[in-house]
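K.L.:
Following this message is one structure expressed as structure tokens.
The values are calculated or read from the model by the stated rules, or taken from the named source; none is laboratory data. Worth saying up front: this structure is predicted, and the values here are computed from it rather than measured. So basically every Cβ, Gly included, is an ideal-geometry build from the backbone, and we count neighbours across all protein chains shown. Only protein heavy atoms, including side chains, enter the accessible area calculation; ligands, DNA and RNA are left aside. Shrake-Rupley method; radii C 1.70, N 1.55, O 1.52, S 1.80 Å.
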Amino acid sequence: MLATPEIIREAGQRAQLTALLPRWRAAPLYREALAQAGCREAGPECLQKLPLLGKPAMRENFPRNFLGEQASLEALHETRPMETTAAFMVNLKASASQAIDRRQNYPKTKSEAMTIVTPKADSRPVAKTDSRPVTKSSPIAKLPATWWVPWALAATTLAAFAMGFVVSGRRGDPDLEQELVAALAELKETKKRPAPAAAPVNEQRILESNGLVEVDGQWIPRKWRDDFAKNMVALGGQMMTRDQAAKVLAKEFPVAVAEPVQPPPSLVSQPVPSSEEILDKAGYTKVNDVAVPKAWVEKWAEGFVQIGVGEWRKATDFKEELIKEHNLVEIRGKLMTREQAEAIQAEQFVKPPANAAASNDFTKALDGLQIGPPMNFHGITVYPLLAAAAPPEASFTTIHAALGTDKLEITDSAGLFQVSVKNLLDQDVLLLAGDVLTGGRCSRMVAEHTLVPKGQTGKVPVLCVEPGAWRTTSDRFAKESGHFVAPPLLRRSLIWEQGQGAAWSILAKKLGGRPGGLVDLYRKQQDAIAEVRAYFSALPDREMTAVGLAVAENDSLEFVEIFPDHALFSAYFERLLAGAALDLLEKGDGPSRAASPFPNTMKGVKQLLESAFLCTYDTREDGFAVRRDEAVVGRVRLDNGTLQHAVLFASGAPEAERKASYTVPKDKIKKALDEYEARLKTLGPARKSAVIHEMGSINAPDITLALARHLTEQDTTVRRAAIQELGQTGDPQATDNLLTLLQTIQGKDPSVYAETVRALARLGHDRSVDALLRQLDSGDADLARVTVQALNDLLLQVKTRQVLERATGRLIGLFESSEGVSKGDTTVLDPVVKSMRPTDAQSVMESIRTLLKQLVGIEFSSSTGARKFWMDRDARERFLQGRTSK
């Protein structure tokens, strides 16, 4: 076949493509194209079938190392098969291989390094599974340019073809030789031609397009130039007025400086730099979509305030200027006018009222507390209490933290009402009243604040909060102890010292007859409680000076609690919230609460805290018991004049139902009574009375006998405590014990007598009526008034017709005789009043008048009216029938 110039050009393109086949095989996009064309191997003939070679998508997605050969690829796609001599093909392959080898040996950059797959030369194609390509990969330096490679390959191909033509012995053709020489010359000129220069960049126009203007030789945002002229300042990359800057510096509205936004790196290098690149090179970056000098950003990061183009102030200096300029004051890091400060202090700061009566270490700790902004969720409102200054760190740790160290052991070896705590830490451990201990023979709650010194073992008073349990398998408490805190209802019962029976009664009501204890109530409501805890969990981090909290449920304030530092407040915060949530969730099943006199407002919190200045304080070994209106409402623990913990409730004790039914193992009851008796032998009268009240709170048959043993106590206070508790039992045996006592004390001890008749009235048994009526015959006016009052309460409970009829008739007769004596009648023979003075008789008469009004439902102006009513058989029958049939 004659080698015309067209054939030569086509042959050169085919040779170039054949030599580059190993590199194309490595390209994933071409392998996909081959699959679409139905080719197994990428040979020259198969490449002609590729449907995507000439499409723009192929050019855009194909690796840029191959973009230079696009023209050759398109030519190859259009080239038809042709025949050549063997010598032509041998020389052509040799020349192309040399060109490729030289090209591969050129240094490349790392980005240009790629894997080259070289098949065996002149080998027959093998199946895909049997092919074993040899892979070579090495980083090479980048060539200055790649546009001339196709032309170099074409020139090499032409030279190879010419040599092959001579060797083959073909006849020379002058015209063909001239065309070859001309083609080679054209290739050389093209190679020498320099690449076109990039268009010049107008940086000034770029800066202006980004909103910058030149001021004193520096380019700054146009708007900022105008704002600086208006006496505005730049703080943290934000332009603002001086008043706004004052608020920012006061940490009321913190402004976050936006990070400079860097454009994503381009996948293909651009011949012309972008606007962002020009800004970056010029020393500018974007903050809040505004181009500013990088030097400004560095100054802002250092805390400087910019008041002009080249004017800077330290934040502290600028703050002082603002305070002087606007006559501001700084309170807790916030700048405000003096009028605002006075208004805040009047509303949010705790101060002693003008009539403050108490002054002690607790009230000193309250003075200056600030009530922070509240948070509310699902009926619970929390007000943080902020300290005037950061208090020193507490010298002790909590039970929950100590148990996590494996250096605190709590065992059940000390009895039902005491546990043994061994502290191996190098720090004291404070167990707060209400901390729940899980495990042991039964779960307990700490009854009193107790500090266990480092390296020592102490006894901690506790109460059982798992009535039905008395395990014998283990006497060690779990490491999870301290995870729960008793809810406010139980902690109020502790403050009031209502005792073990009150705790069991409260739990029994909440459990609704189900077995278990306090921990089971927490588990029952765990999902709802977790939701509450999650909502409020950010408060300790938000209020870094908080040392306490006030908690309200719905519309009423419930309690305030104060800790010595922020760390302890944070440690107990979520557990106290969980207890308040449990109380609210189980409110319908528990004892009723005394109404809170303090509303759920910031003013209500202030009133509750400031009421502490008007309370009375009973000194205790570790601090104070706080009383308001004779009711115990709080407990304070102090250590060398330093507050360790304080809780103040809005109302007094819960109304625990003493007769609530619950199941307690017999051996557990016996254990409790034995421990009470052992404790009574070591106490003085005041503490002994408190223990008797605790013992009497238990609803069990054995309690009556245990209390009756103390009716013979020498101390009047102790005897009265035993009488009071017997009156609460509802046990008929208690009535018999008190009636026996009544016969021995008449006239000997008026206070014990009065307590006994009141206890009999509370018990409400019919057989007490006649015994009390006989007591009226003593003729003592004071005892008569006490007895009449007791009869009033007793007769309202009587259901026996004969007893009620006999008692009412006797009272009407006493009404007549006391009225006569009060009017000076000396002929009255009634033994109750015949020896009384008219004034005493008048007092007894008024007591009877009140009793008859409540009993009969009629207010008699005189004894004549009362007698007329009683003699009316129909009226009397209606009364007796109505009272005894209910």
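K.L.:
Tell me the label-point distance for the pair Glu859, Lys281, using the 7 Å Cα-to-Cβ offset, in nm and rounded to one decimal.
P.N.:
Between Glu859 and Lys281, the label points sit 10.4 nm apart.
K.L.:
Rounded to whole Å, give me the distance from the Cα center of the stretch 731-754 to that of the stretch 368-447.
P.N.:
Computed from Cα coordinates, the inter-centre distance equals 45 Å.
K.L.:
Going by Cα centres, the stretch 795-822 and the stretch 467-541 are how many Å apart?
P.N.:
Centre-to-centre (Cα) distance: 50 Å.
K.L.:
Hey, another quick one. Taking just the alpha-carbon atoms of the stretch 737-886, what radius of gyration and Dmax come out, in angstrom?
P.N.:
Calculated on Cα positions, Rg and Dmax stand at 14.9, 44 Å.
K.L.:
Find how many whole Å separate the alpha carbon centroid of the stretch 638-702 from the alpha carbon centroid of the stretch 834-886.
P.N.:
So the two Cα centres are separated by 42 Å.
K.L.:
In this model, which of Lys510/Lys587; Lys351/Lys603; Lys510/Lys659; Lys299/Lys319; Lys509/Lys671 are farther than 19 Å apart at the alpha-carbon?
P.N.:
On the way: Lys510/Lys587 8 Å; Lys351/Lys603 13 Å; Lys510/Lys659 15 Å; Lys299/Lys319 17 Å; Lys509/Lys671 24 Å.
As for pairs spanning more than 19 Å Cα to Cα, those are Lys509/Lys671.
K.L.:
Right, something else. Ordering His566, His400 from largest to smallest accessible area (1.4 angstrom probe), what's the sequence? List each step's numbers first, then the result.
P.N.:
Details: His566 35, His400 70 Å².
The residues order as His400, His566, largest area first.
K.L.:
For the stretch 660-816, which semi-axes, largest first and in whole Å, follow from the square roots of 5 times the eigenvalues of its Cα gyration tensor? Let's see the in-between values first.
P.N.:
On the way: eigenvalues 197, 69, 19 Å².
Semi-axis lengths for the stretch 660-816 are 31, 19, 10 Å.
K.L.:
How many nm is it between the label spots at Ala567 and Ala356, if each spot is 7 Å from the Cα in line with the beta carbon?
P.N.:
Simple spin-label model gives 3.0 nm for this pair.
K.L.:
Suppose R0 equals 45 Å. What FRET efficiency, 1/(1 + (r/R0)^6) with r the Cβ-Cβ distance, do Met544 and Thr472 give to the nearest 0.05?
P.N.:
Values: r = 48 Å, r/R0 = 1.07.
Efficiency computed from Cβ-Cβ geometry: 0.40.
K.L.:
Packing-wise, with mean Cβ within 10 Å as the measure, how do 477-489, 616-628 rank, highest first?
P.N.:
Working: 477-489: 22.5, 616-628: 15.7.
Descending mean neighbour count gives 477-489, 616-628.
K.L.:
Oh, and also: Measuring from label point to label point, each 7 Å out along Cα→Cβ, what is the Asp289 to Lys868 span in nm?
P.N.:
It works out to 9.5 nm between the two label points.
K.L.:
Give the value in nm², to one decimal: projected area of the alpha carbon convex hull of the stretch 322-424, averaged over all directions. Walk me through the numbers before you get to the answer.
P.N.:
Values: hull surface 52.0 nm².
Mean projected area for the stretch 322-424: 13.0 nm², to one decimal.
K.L.:
In the full protein assembly as shown, how much of Glu816 is accessible to a 1.4 Å probe, in Å² to the nearest 10?
P.N.:
70
K.L.:
Run the paramagnetic zone check for Thr850: 7 angstrom along Cα to Cβ, then residues of the stretch 761-788 with backbone nitrogen under 16 Å.
P.N.:
781-788
K.L.:
With a Förster radius of 41 Å, plug the Cβ-Cβ distance of Ile323 and Ser537 into 1/(1 + (r/R0)^6) and report the FRET value to the nearest 0.05. Walk me through the numbers before you get to the answer.
P.N.:
Numbers: r = 36 Å, r/R0 = 0.87.
Result of the calculation: an efficiency of 0.70.
K.L.:
Of Ala595, Tyr522, Asn640, which is farthest along the charge dipole of the stretch 516-658 in the positive direction, counting Lys and Arg as +1 and Asp and Glu as -1 at C-beta?
P.N.:
Checking the options against the dipole of the stretch 516-658, the answer is Asn640.
K.L.:
Where the accessible area of the stretch 728-867 is counted over protein heavy atoms with a 1.4 Å probe, how much of it, in %, is carbon and sulfur?
P.N.:
Working: 2920 of 6070 Å².
Accessible surface attributable to carbon and sulfur in the stretch 728-867 totals 48 percent.
K.L.:
Right, next: Please provide three numbers in whole Å: the alpha-carbon extents of the stretch 726-800 along the principal axes, with the largest listed first.
P.N.:
That works out to 28, 20, 16 Å along the principal axes.
K.L.:
Now, a different point. Quick one: pull the percent of accessible area on the stretch 316-446 belonging to carbon and sulfur, 1.4 Å probe, ligands and nucleic acids left out.
P.N.:
On the way: 2790 of 5840 Å².
Reported share for carbon and sulfur atoms: 48 percent.
K.L.:
Suppose all protein chains stay in the model; what accessible area per residue would a 1.4 Å probe give for the stretch 407-541, in Å²?
P.N.:
Working: 5040 Å² over 135 residues.
Accessible area per residue, the stretch 407-541: 37 Å².
K.L.:
If you don't mind, there's one more thing I want to ask. Which peptide among 431-443, 867-879, 672-684 comes first, and what is the full order, when sorted by highest mean count of other Cβ atoms within 10 Å? Kindly include the intermediate steps, with their values, before the conclusion.
P.N.:
Working: 431-443: 23.6, 867-879: 13.2, 672-684: 14.8.
Highest mean packing first, the order is 431-443, 672-684, 867-879.
K.L.:
If you take the beta carbon distance between Thr712 and Thr663 as r and set R0 to 35 Å, what does 1/(1 + (r/R0)^6) give as a FRET efficiency, to the nearest 0.05?
P.N.:
Details: r = 32 Å, r/R0 = 0.92.
In this case the efficiency is close to 0.60.
K.L.:
Given 0.36 nm per residue, what is the gain on full extension from Gln427 to Asp406 after removing their alpha carbon distance, in nm? Numbers along the way, then the final one.
P.N.:
On the way: separation 21, 0.36 × 21 = 7.56 nm, distance 1.35 nm.
Stretched out fully, the Gln427 to Asp406 stretch lengthens by 6.2 nm.
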